[in-house]
Amino acid sequence: MGAQNGKDLLIKVDLTGDGQFETIAGLRATRISFNAESVDVTSLESQGGWRELLSGAGVKSAAISGSGVFRDESTDERARQIFFDGETPDFQVIIPDFGVVEGAFQVTAIEYAGSHNGEATYELSMSSAGALTFVAL
């Protein structure tokens, strides 16, 4: 697999709950990370004193972040409303030449910034709020 265009990594939100996803407009940078906690079951009987981990245990999570400029009223408004209402709607993350991750996320932070001679910008952070699905491209 060759290098991928960063603008092709997209974050989409289900605007109305009907499964129709729309890209959150104005994002310039996006990131998704996956995490899994480990459960240490090492004991005095562990072979050679090596740490042992319990397979299949622990909590899995994902985090999404993005930053950009305001460009589209409907997705900007939806992201704000999700935050203030504490909703956990479905999001999709399109990862080029890899796949699509889909599931419920909570908007955990929205930051707004602007400078005297520049555009207004925002940063968005989200945490997974349930099981995620993955479909390879």
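Taken together, the values in this text are just the output of simple stated rules run on the coordinates, not laboratory data. These numbers come from a predicted model, not from an experiment. Ideal geometry is used to build each Cβ from the backbone, glycine not excepted, and the neighbour counts take in all protein chains shown.
Assorted remarks:
- Two-site label geometry, Asp18 and Leu54: point separation in nm, points 7 Å out along Cα→Cβ: 4.5
- Computed over neighbours whose Cβ is under 14 Å from that of Ala131, the net charge equals -1, Lys and Arg +1, Asp and Glu -1.
- Within segment 23-120, the chymotrypsin sites (Phe, Trp or Tyr not before Pro) that combine a DSSP coil assignment with at most 13 other C-beta atoms in a 10 angstrom radius are Trp50.
- Stretched out straight at 0.36 nm per residue, the stretch from Ala109 to Arg31 would grow longer than its current Cα-Cα span by 26.6 nm.
- To the nearest ten degrees, helix 73-85 and the longest principal axis of the Cα atoms of the chain are 50 degrees apart.
- Straightening the chain between Gln47 and Phe84 buys 8.2 nm, computed as 0.36 nm per residue apart minus the Cα-Cα spacing.
- Comparing Gly68, Gly99, Gly49 in a Gaussian network model of the chain where C-alpha atoms under 10 Å apart are linked, the largest mean-square fluctuation is found at Gly49.
- Computed [θ] at 222 nm, deg cm²/dmol, the chain (DSSP H ≥ 4; -39,500 (n - 2.57); rounded to nearest 500): -3000 deg cm²/dmol
- Enclosed volume per residue, in Å³, of the convex hull spanned by Cα atoms of segment 7-136: 157
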